[in-house]
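Student: Okay, handing you the structure first.
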Amino acid sequence: MITVNAIGDTCPIPVVKTKKAIEALTQPDTVETLVDNEIAVENLKKMAAQKGYSCESSKLDDGSYSVKLTIEALNTEAPSDTDDASQYTCTPAVDNRVVVIRSSYMGEGSEELGGVLIKGFIYALSQQENPPETMLFYNGGAKLTCEGSESLEDLKELKNRGVKILTCGTCLNYYELSDKLAVGEVTNMYDIAEKMAGASLIVSP
């Protein structure tokens, strides 16, 4: 078993360290990551589910957490001889648009007006024939996906139409809203960076 010490590391470092440890494996094994907060635990569980690893987590006597990922098969397949450029398209996917909301209000100047504007923006998105694939909420924007937000009904409508609503877990924790999330899922900065890097278009009101 390989042990990764991510005590004291902030998002997304525990996930990154764990990914690197798994990539370094030369045979099936278990990677244990030690973290000190529940957000990191949930992020590692999410990664395990995405990759198909079995996962066990437990709280240790000192208040930290152990997350064990069992990798039963390594992804060691070499690229096929037919993996040439003719199989791929260089045109960005039209449905890979990402909306990034980093504040609970829109624009600069009056925050009261900005609150009205962001509510209108999210409503307008819910009325679009082709909504974005993903909406990312971080920093003050995390408040919009939580209980009490005036945009919840519109966000739930977007989620029902297949839009991925993802909110930064570190931000929820900072604003003490971890138990108030009312729509979508918790994510981490690694996933946020990955979604933004892979987007065909990023919209940031």
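The values are calculated or read from the model by the stated rules, or taken from the named source; none is laboratory data. From a predicted model like this one, the values you see are computed outputs, not experimental measurements. With ideal geometry, Cβ positions are generated from the backbone for all residues, glycine too; neighbour counts draw on all protein chains shown. In case anyone asks, the SASA skips ligands and DNA or RNA and just uses the protein heavy atoms, side chains included. Shrake-Rupley method; radii C 1.70, N 1.55, O 1.52, S 1.80 Å.
Student: Are any of the pairs K17/K164; K17/K143; K68/K164; K51/K119 more than 31 Å apart by Cα-Cα distance, and if so, which? Spell out each step's value before the answer.
Tutor: Working: K17/K164 26 Å; K17/K143 29 Å; K68/K164 27 Å; K51/K119 36 Å.
Table pairs above 31 Å Cα-Cα are K51/K119.
Student: Return the sequence-ordered ³J(HN,Hα) values of the stretch 152-160 in whole Hz as given by the Karplus equation 6.51 cos²θ - 1.76 cosθ + 1.60 applied to θ = phi - 60°, using x for Gly and Pro.
Tutor: Result, rounded to whole Hz: 4, 4, 5, 5, 5, 4, 4, 4, 5.
Student: Right, next: How much accessible area per residue does the chain have, counting only protein heavy atoms and a probe of 1.4 Å, in square angstrom?
Tutor: On the way: 12040 Å² over 205 residues.
It amounts to 59 Å² per residue over the chain.
Student: Give the residue list of GluC sites (Glu not before Pro) in the stretch 128-205 that are DSSP loop and have at most 11 other beta-carbon atoms within 10 angstrom. Kindly include the intermediate steps, with their values, before the conclusion.
Tutor: Details: sites: E129, E133, E147, E150, E153, E157, E176, E185, E194; in loops: E129, E133, E147, E150, E176.
Counting only loop positions with at most 11 other Cβ atoms within 10 Å, the GluC sites (Glu not before Pro) in the stretch 128-205 are E129, E176.
Student: Just one of (i) 1.03; (ii) 0.99; (iii) 0.96 is Rg/Rh (Cα atoms, Kirkwood Rh) as worked out from the coordinates here. Which one is it?
Tutor: Evaluating Rg/Rh (Cα atoms, Kirkwood Rh) on these atoms matches (i).
Student: Could you go through the stretch 33-41 in sequence order and give the Karplus-derived ³J(HN,Hα) for each residue, using 6.51 cos²θ - 1.76 cosθ + 1.60 with θ = phi - 60°, rounded to whole Hz, and x for Gly and Pro?
Tutor: Result, ordered by residue: 10, 9, 9, 10, 8, 6, 4, 4, 4 Hz.
Student: Still on this structure: Among the aspartates and glutamates, select those whose C-alpha is under 14 Å from the C-alpha of K45, and discard any that sit fewer than 8 residues away in the same chain.
Tutor: Once the sequence-local aspartates and glutamates are set aside, what remains near K45 is E32, E56, E185, D191.
Student: Please turn the phi angles of the stretch 66-71 into ³J(HN,Hα) values with the Karplus equation 6.51 cos²θ - 1.76 cosθ + 1.60 (θ = phi - 60°), one per residue in order, whole Hz, x for glycine and proline.
Tutor: Residue by residue, the stretch 66-71 yields 10, 10, 10, 10, 9, 9 Hz.
Student: A follow-up question, please. What is the percent carbon and sulfur in the accessible area of the chain, measuring with a 1.4 Å probe over the protein chains and ignoring ligands?
Tutor: Working: 5780 of 12040 Å².
Percent of accessible area from carbon and sulfur atoms in the chain: 48.
Student: The stretch 162-204: which chymotrypsin sites (Phe, Trp or Tyr not before Pro) are DSSP loop and have at most 16 other beta-carbon atoms within 10 angstrom? Intermediate results must be reported in sequence, preceding the final value.
Tutor: Details: sites: Y174, Y175, Y190; in loops: Y175.
Here the sparse-neighbourhood loop sites are Y175.
Student: Which value in deg cm²/dmol, rounded to the nearest 500, describes the helix-derived mean residue ellipticity at 222 nm for the chain, given -39,500 (n - 2.57) per DSSP H run of n ≥ 4 and division by the residue count? List each step's numbers first, then the result.
Tutor: Working: 6 runs with 65 residues, N = 205.
Estimated from H runs of four or more residues: -9500 deg cm²/dmol.
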